[in-house]
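Visitor: First, the structure itself, so that you have it in front of you.
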Number of protein chains: 2
Amino acid sequence: MKRIFFDTMKAEITRVLMKRGFTEERAGQCALLFAEASLEGVYSHGLNRVPRFVEYIDKGWVNIHAEPTLVDKIGIIERYDGNLGPGNLNAQFCMGRAIELARTDGVGIVTIRNTNHWMRGGSYGWQAANAGCIGICWTNTESCMPPWGAKETKIGNNPFILAVPRKAGSIVLDMAMSQFSYGKLEVTRLNNEMLPVDGGFDIDGNLTRDPAAIEKSMRILPTGYWKGSGLAILLDMIAALLSGGLSTRGMDEAKPAPGVSGYRGSQVFIALDPAIISGEGFAEHLVNEAVEYLHQAEPAEENGKVTYPGERTVETRKQNLERGIPVDESIWQKVLAL
Amino acid sequence: MKRIFFDTMKAEITRVLMKRGFTEERAGQCALLFAEASLEGVYSHGLNRVPRFVEYIDKGWVNIHAEPTLVDKIGIIERYDGNLGPGNLNAQFCMGRAIELARTDGVGIVTIRNTNHWMRGGSYGWQAANAGCIGICWTNTESCMPPWGAKETKIGNNPFILAVPRKAGSIVLDMAMSQFSYGKLEVTRLNNEMLPVDGGFDIDGNLTRDPAAIEKSMRILPTGYWKGSGLAILLDMIAALLSGGLSTRGMDEAKPAPGVSGYRGSQVFIALDPAIISGEGFAEHLVNEAVEYLHQAEPAEENGKVTYPGERTVETRKQNLERGIPVDESIWQKVLAL
């Protein structure tokens with residue numbers, strides 16, 4: 001397994017983006033978000049995604065110089081137009097504004113429409129948590145999954161992120177509404193493995209752990225069956241309603257080419273400052289106690305460990321910082337050649 | 001199957017509550033919430049729950065006269081102490097306040113601590129939607145489910161509700177973080193049936209659809225496996241942090257007797273007014289289009305129908321209003337005798 005050090009990866013992505021015309025500052029910021037995704041183990045939306053991001057720029061779907069512009073402000077709610085700028089920079093800006101609003105009012109709500117794929121959703125949960133804030137954010141997507149009871153892809157996998165700050169390690173959940181991503185199906189198939197639990201339906205409508213059968217039927221499973229399907233439907237509607245932007249349906253209709261992902265999506269970012277709302281002492285104490293309680297749970301497997309969302313992220317980050325980030329050699333060569 | 005008309009059920013529950021000392025007004029309001037839960041098909045938290053609610057009153061766990069008192073107000077955030085009042089009245093009050101705040105500021109956030117079981121969570125989603133607001137609310141609970149990777153019950157099933165208003169029928173999702181409730185396991189076992197999908201682990205740690213095996217192991221499955229487990233952990237922490245109340249751990253420690261449910265819980269209620277934020281015309285159009293898109297999806301089964309969350313609720317309500325609400329004869333007799 002080839003490993004690339006974080007600084008090298010970040011510098012390389014910065015170089016690629018500057019070559020595409022990004023200013024040095026924005027290239028560095030955008031590259032940081034990509035490299036940190038890989039650093040923290042979300043390889044699919046880190047380095048691995050860079051070639052596709054560059055393709056979107058080259059095709060004119062991502063406008064590298066565009067920044068969010070304020071549409072209107074209603075109290076603690078600010079609504080932006082993303083102007084099809086880089087989705088990760090747009091999203092980072094929005095969570096940043098939500099945090100600033102939360103500093104004075106306890107809460108800030110920021111929405112954005114006409115943005116692009118935000119890459120790793122967890123980035124903005126960590127951003128809030130690192131600023132001492134509770135973070136809640138989600139995005140809609142073009143359709144990629146059948147709603148419960150359907151054969152046909154009509155709902156997005158609409159990632160939903162919840163984050164709670166904690167000095168000894170924040171709690172950050174980054175969940176898509178499909179049980180597995182298509183990326184996970186592919187990796188599992190290439191390894192000749194089965195999914196750990198049912199991941200979709202085969203062509204005959206039976207639940208299956210076989211990734212190839214699901215890729216064939218395109219009937220990927222919403223997490224929790226009808227529950228994840230319902231959650232995806234509601235998150236989409238609320239994101240579009242609050243941002244004044246497109247819903248999954250609108251994104252499907254606006255797509256500039258088949259397979260384009262995240263184009264003209266709608267997003268919501270909420271930050272809440274527990275130091276202002278409940279007091280910092282209370283917050284730190286409460287979260288530590290809750291984490292301790294969870295860690296006391298008897299593991300299901302011998303030598304198993306019960307972890308909170310985000311706990312392994314910190315371990316991965318530490319390991320990848322020390323040893324370098326594992327990369328797929330062909331993808332690394334592809335980025336070097338960009 | 002015995003059926004009782006809505007008005008009769010409501011009057012009967014009102015009588016029971018007044019006999020316990022409720023004022024006529026509060027008895028009527030509380031009875032309405034119970035009877036509407038049954039009317040709309042959530043029998044477990046409607047009539048069926050009344051005997052247990054009365055037991056909690058008799059034991060002093062629910063203080064029938066207590067009303068929420070304002071703890072503090074930070075901008076659009078109001079925080080209340082529930083004073084161990086009836087959980088459904090407390091919750092209805094909170095969503096009502098959130099809606100009032102949203103009318104002027106676009107959004108209102110209300111939290112409550114030291115409350116009691118809110119019964120049917122969907123009630124407060126419908127309350128928001130019926131007022132033309134987006135509703136987001138959740139509650140924590142005492143522990144009733146093992147976190148992912150554990151044998152031992154340490155997390156709540158923390159129902160999460162999302163609602164979007166629509167003139168032709170609102171979209172309301174009311175989901176607990178367990179794939180099935182213990183009530184559903186019991187009903188399925190008594191019918192000698194299997195669950196439609198895996199609902200937990202058996203005593204040997206294998207996923208199973210056999211309700212009896214899950215009741216024995218107490219290893220009920222979080223919805224979406226690790227995803228629902230993570231969501232339950234975060235929802236609990238955020239509810240306790242924002243309300244300044246107890247987390248699942250605190251509720252376990254505060255429980256006055258084994259099996260008591262919802263005692264001293266923490267809840268969050270958010271209302272957003274899309275008419276103020278995006279304009280009513282935009283909102284109605286967008287939601288109708290999204291619903292239409294969903295309905296176009298090809299069903300997986302012949303003669304199947306793809307529905308949005310809350311769609312069947314309206315049908316059930318209509319049918320039960322006309323024909324009467326199906327009741328278990330022994331439970332009805334029990335309520336008549338209270």
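The values are calculated or read from the model by the stated rules, or taken from the named source; none is laboratory data. Values in this document were obtained by computation on a predicted structure and should not be read as measured data. Note that each Cβ is placed from the backbone with ideal geometry, even for glycine, and that neighbours are counted across all protein chains shown.
Visitor: So in region B:54-74, with the set limited to residues that are in a helix (DSSP H, G or I) and touching a residue at least 60 places away in the same chain (Cβ under 8 Å), which one is nearest to B:F34 (Cα to Cα)?
Guide: Going through the qualifying residues, I end up with B:V54.
Visitor: Only residues that are of a type in the set (A, V, I, L, M, F, W, C) and in contact (Cβ under 8 Å) with a residue 40 or more places away in the chain: list them for region B:78-93, please.
Guide: Listed by number, the residues that qualify are B:L84, B:L89, B:A91.
Yes/no per residue for (1) among the hydrophobic types (A, V, I, L, M, F, W, C); (2) within 11 Å of another protein chain (Cβ to nearest Cβ):
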| residue | (1), (2) |
| --- | --- |
| A:A213 | yes, no |
| A:I220 | yes, no |
| A:G224 | no, yes |
| A:I238 | yes, yes |
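Visitor: Could you identify the single residue in B:S170, B:S178 that is farther than 19 Å from A:Y308 by Cα, more than 7 Å from every other protein chain (Cβ to nearest Cβ) and of a type in the set (S, T, N, Q)?
Guide: Sole residue among the options that is farther than 19 Å from A:Y308 by Cα, more than 7 Å from every other protein chain (Cβ to nearest Cβ) and of a type in the set (S, T, N, Q): B:S170.
Visitor: Let me ask something additional. Is there a residue being buried (at least 19 other Cβ atoms within 10 Å of the Cβ) and assigned to a loop (DSSP other than H, G, I, E, B) anywhere in region A:31-40?
Guide: Yes, the conditions are met somewhere in region A:31-40.
Visitor: Go through region A:1-25 residue by residue and tally those that are assigned to a helix (DSSP H, G or I) and in contact with a His (Cβ under 8 Å, 6 or more places away or on another chain).
Guide: 0
Visitor: When region B:204-218 is examined, which residues are found to be part of a loop (DSSP other than H, G, I, E, B), modelled with pLDDT of 95 or more and more than 21 Å from A:G199 (Cβ to Cβ)?
Guide: B:D210
So that you can scan it fast, the table gives a plain yes or no per residue for (1) buried (at least 24 other Cβ atoms within 10 Å of the Cβ); (2) under 30 Å from B:C133 (Cβ atoms); (3) of a type outside the set (S, T, N, Q); (4) out of contact with any helix residue (DSSP H, G or I) (no Cβ under 6 Å at 6 or more places or on another chain):
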{"residue": "B:M177", "(1), (2), (3), (4)": "yes, yes, yes, no"}
{"residue": "B:P196", "(1), (2), (3), (4)": "no, no, yes, yes"}
{"residue": "B:D202", "(1), (2), (3), (4)": "no, no, yes, no"}
{"residue": "B:G205", "(1), (2), (3), (4)": "no, no, yes, yes"}
{"residue": "B:A212", "(1), (2), (3), (4)": "no, no, yes, no"}
{"residue": "B:L221", "(1), (2), (3), (4)": "yes, no, yes, yes"}
{"residue": "B:G230", "(1), (2), (3), (4)": "yes, yes, yes, yes"}
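Visitor: Starting from residues that are basic (K, R) and within 22 Å of the chain's Cα centre (by Cα), keep the ones in region A:51-109 and report whichever is nearest to A:P165 (Cα to Cα).
Guide: That would be A:R97.
Visitor: Let me ask something else about it. Read through the list (1) surrounded by fewer than 24 Cβ atoms within 10 Å (Cβ to Cβ); (2) free of Cβ contacts under 8 Å to residues at least 24 places away in the same chain; (3) in a helix (DSSP H, G or I), then give the number of the only condition that A:L234 fails.
Guide: All conditions are met except number (1).
Visitor: What are the pairs with Cβ atoms under 9 angstrom where one residue, in region B:207-218, is in contact (Cβ under 8 Å) with a residue 24 or more places away in the chain and closer than 14 Å to B:G183 by Cβ and the other, located anywhere, is surrounded by fewer than 19 Cβ atoms within 10 Å (Cβ to Cβ) and β-branched (V, I, T)? Sequence gap at least six, or different chains.
Guide: B:P211/B:V187
Visitor: Something else now. Residues that are over 23 Å from the mean Cα position of the chain (by Cα): find the helices (runs of 4 or more DSSP H) completely inside region A:244-332 holding 3 or more of those.
Guide: Because the criterion is at least 3 residues that are over 23 Å from the mean Cα position of the chain (by Cα), the helices (runs of 4 or more DSSP H) in region A:244-332 that meet it are A:274-277, A:280-295.
Yes/no per residue for (1) on the phi > 0 side of the Ramachandran plot; (2) modelled with pLDDT of 95 or more; (3) in a helix (DSSP H, G or I):
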position: A:I99; (1), (2), (3): no, yes, yes
position: A:I109; (1), (2), (3): no, yes, no
position: A:R113; (1), (2), (3): no, yes, no
position: A:Q127; (1), (2), (3): no, yes, yes
position: A:G132; (1), (2), (3): yes, yes, no
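Visitor: When you scan region A:252-289, how many residues do you find that are of a type in the set (A, V, I, L, M), closer than 30 Å to B:N288 by Cβ and away from chain B (no Cβ under 11 Å)?
Guide: 3
Visitor: Now for a separate question. Checking the conditions here, which among B:R20, B:R26 is surrounded by fewer than 20 Cβ atoms within 10 Å (Cβ to Cβ), closer than 29 Å to B:T111 by Cβ, touching a helix residue (DSSP H, G or I) at 6+ places or on another chain (Cβ under 6 Å) and of a type in the set (K, R)?
Guide: B:R20
Visitor: Being among the basic types (K, R), in contact with a strand residue (DSSP E or B) (Cβ under 7 Å, 6 or more places away or on another chain) and modelled with pLDDT of 95 or more: is that true of A:R52 here?
Guide: Against the criterion (among the basic types (K, R), in contact with a strand residue (DSSP E or B) (Cβ under 7 Å, 6 or more places away or on another chain) and modelled with pLDDT of 95 or more), A:R52 does not qualify.
Visitor: Pairs only if they're at least six apart or on different chains, beta carbon under 6 angstrom, first in region A:274-298 and without any contact (Cβ under 8 Å) to a residue 40 or more places away in the chain, second part of a helix (DSSP H, G or I); list them, first residue then second.
Guide: A:S278/B:L241; A:L286/B:A240; A:E289/B:R249; A:A290/B:M237; A:A290/B:R249; A:Y293/B:R249
Visitor: Which condition does B:V306 not pass, out of (1) within 7 Å of another protein chain (Cβ to nearest Cβ); (2) modelled with pLDDT of 95 or more; (3) surrounded by 24 or more Cβ atoms within 10 Å (Cβ to Cβ); (4) more than 21 Å from A:Q296 (Cα to Cα), if it passes all the others?
Guide: B:V306 satisfies all of (1) within 7 Å of another protein chain (Cβ to nearest Cβ); (2) modelled with pLDDT of 95 or more; (3) surrounded by 24 or more Cβ atoms within 10 Å (Cβ to Cβ); (4) more than 21 Å from A:Q296 (Cα to Cα) except (3).
Visitor: Given the conditions (1) under 24 Å from the mean Cα position of the chain (by Cα); (2) at pLDDT below 95, report the number of the one that A:I233 does not fulfil.
Guide: The single condition A:I233 does not satisfy is (2).
Visitor: Would it be correct to say that A:A271 is touching a Cys at 6+ places or on another chain (Cβ under 6 Å) and at pLDDT 95 or above?
Guide: So A:A271 passes the test.
Visitor: Of all residues in region A:137-159, which are at the interface with chain B (Cβ under 8 Å from one of its Cβ atoms) and either under 21 Å from B:I270 (Cα atoms) or assigned to a strand (DSSP E or B) (or both)?
Guide: Passing the criteria: A:A150, A:I155.
Visitor: Evaluate the following for A:L89: is it assigned to a helix (DSSP H, G or I), under 24 Å from A:A131 (Cβ atoms) and of a type outside the set (D, E, K, R)?
Guide: yes
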